[in-house]
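To start, the structure under review is shown below, and the notes come after it.
The values are calculated or read from the model by the stated rules, or taken from the named source; none is laboratory data. For clarity, every value in this text was computed on a predicted model and none was experimentally measured. Methodologically, a virtual Cβ is constructed for each residue, glycine included, from the backbone with ideal geometry; neighbour enumeration extends over all protein chains shown.
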């Protein structure tokens with residue numbers, strides 16, 4: 001298992017632990033990044049990806065709450081850091097059992113977290129790649145992402161989502177997933 005046992009024990013379900021781990025990877029990439037570096041996302045620099053990731057994280061954070069207002073817009077990157085620090089207390093088993101209207105249809109919050117973490121860890125890669133820093137994504141996590149995304153491939157592609165798959169000759173699981181997600185490194189030769 002790629003997540004340390006002390007991490008998984010802090011969360012009521014595997015999906016919530018994996019989502020928290022993806023937030024950790026994203027936070028690490030943001031901390032090491034250079035804000036104006038160009039990413040593989042057409043027309044977007046690191047700041048743009050961070051702002052998009054925070055929009056998605058905010059939507060996830062509010063999906064089971066009646067009052068979904070965020071209040072003042074935080075400085076770019078601070079919501080990710082705040083969520084990373086508070087994620088251990090965010091979800092109870094009762095929260096995770098709630099039915100929510102997700103972008104993928106009605107499902108439990110736990111099932112939703114079991115899909116949406118892929119967006120978070122993909123953007124961790126986007127930011128790390130743009131700034132030429134280690135993304136820290138374990139191969140096993142990329143393999144899981146592929147298994148989850150492959151049957152949903154068609155519904156997860158399009159404007160504001162994943163691009164069409166790219167070709168790769170790499171044997172690396174992370175590079176294979178990122179190619180499947182339509183990513184090409186800005187640092188590839």
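Some observations on this one:
- Qualifying position, being closer than 26 Å to residue 158 by Cβ and modelled with pLDDT under 95, among 79, 121, 112: 79
- Conditions (1) within 23 Å of residue 49 (Cβ to Cβ); (2) free of Cβ contacts under 8 Å to residues at least 24 places away in the same chain: number failed by residue 144: (2)
- Qualifying residue in segment 38-46 (condition: in contact with a helix residue (DSSP H, G or I) (Cβ under 9 Å, 6 or more places away or on another chain), in contact (Cβ under 8 Å) with a residue 40 or more places away in the chain, part of a helix (DSSP H, G or I) and farther than 23 Å from residue 92 by Cα): yes
- Annotation note: Cβ proximity below 7 Å between a residue of segment 80-102 that is farther than 26 Å from residue 29 by Cβ and a residue that is modelled with pLDDT under 95 and not in a helix (DSSP H, G or I) (sequence gap 6+ or interchain) occurs for 95/64; 98/64; 100/63; 100/64.
- Only a single criterion out of (1) farther than 17 Å from residue 41 by Cα; (2) in contact with a helix residue (DSSP H, G or I) (Cβ under 6 Å, 6 or more places away or on another chain) is not satisfied by residue 177, namely (1).
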